[in-house]
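The next block holds one structure in the form of structure tokens; read it before the comments.
The values are calculated or read from the model by the stated rules, or taken from the named source; none is laboratory data. Since the model is a prediction, treat every value here as computed from it, not as a measurement. Heads up, the Cβs are rebuilt from the backbone with ideal geometry, glycines too, and the neighbour counts pull from every protein chain shown. With ligands, DNA and RNA removed, areas are computed over all heavy atoms of the protein, side chains included. Shrake-Rupley method; radii C 1.70, N 1.55, O 1.52, S 1.80 Å.
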Amino acid sequence: AFDLGAGAFYYVPEKLYFGISGQKLLPQKHSLSNTNLKVRPHGYITAGYYHGIPDTRLVLKPNMLVKTDLSTTQLDVNLTAEYNKSFWLGAGYRVQDAVVANFGFNYYMKNNGVKSPNPLKVGIAYDFTTQSLGDGGEFTFWKDGQVNDTKRNNRSFGSVELYLGKCIMPRPIPDFDTYVDPLFL
């Protein structure tokens, strides 16, 4: 099926950013065996700010993300403290869903003794469930229309995410005056 998505992102390095986007902007209906699926449009709004603490190498980075499918909306708010552009520690709250903690560092590779401008980001995050998914319960497995097995105390203790990130950017254009000969225009 035809799919449509769009977005815009405004970024001022080391100051702030703002973005808005939409996915599945054209509603779709799909049939899979006995199931009819409706794919709804999804919208996202994100914003963040960089706040340097004077006389330190510490930067506070508050940010937020709003996600909606036009019937339900979810809000994430986060605060990350970064030291010396090397290490960070953060916490967040996903409204009525989870508390999040994360830690990471930037690994700067060296080439002939020169530090790479784009580090490899390595980190770990843990989401602690605050909803009823954290409560004990039962989960029943079915096979051929019959109960096959029942698991007791099936609950969510949260989730762990390990991540690696590398930004690949083209080299900047050198900052020097150029001379253009009108003969070759």
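Data table
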quantity	calculated
Strands (runs of 3 or more DSSP E) (entirely within region 42-97) containing at least 2 residues that are among the hydrophobic types (A, V, I, L, M, F, W, C), open to solvent by 50 Å² or more (accessible area, probe 1.4 Å) and without any contact (Cβ under 8 Å) to a residue 60 or more places away in the chain	58-68, 73-83, 87-94
Residue pairs meeting the criteria (Cβ under 8 Å; at least 6 apart or on separate chains; first under 27 Å from F87 (Cα atoms), in region 122-133; second at pLDDT below 90 and among the acidic types (D, E))	T129/D97
Any hit, region 12-27, residues being in contact (Cβ under 8 Å) with a residue 12 or more places away in the chain, more than 23 Å from G165 (Cβ to Cβ) and open to solvent by less than 40 Å² (accessible area, probe 1.4 Å)	yes
Condition met for V114 (open to solvent by less than 100 Å² (accessible area, probe 1.4 Å), hydrophobic (A, V, I, L, M, F, W, C), more than 29 Å from N78 (Cβ to Cβ) and at pLDDT below 65)	no
Residue in region 158-179 that is surrounded by 13 or more Cβ atoms within 10 Å (Cβ to Cβ) and either at pLDDT below 65 or not polar (S, T, N, Q) (or both) present	yes
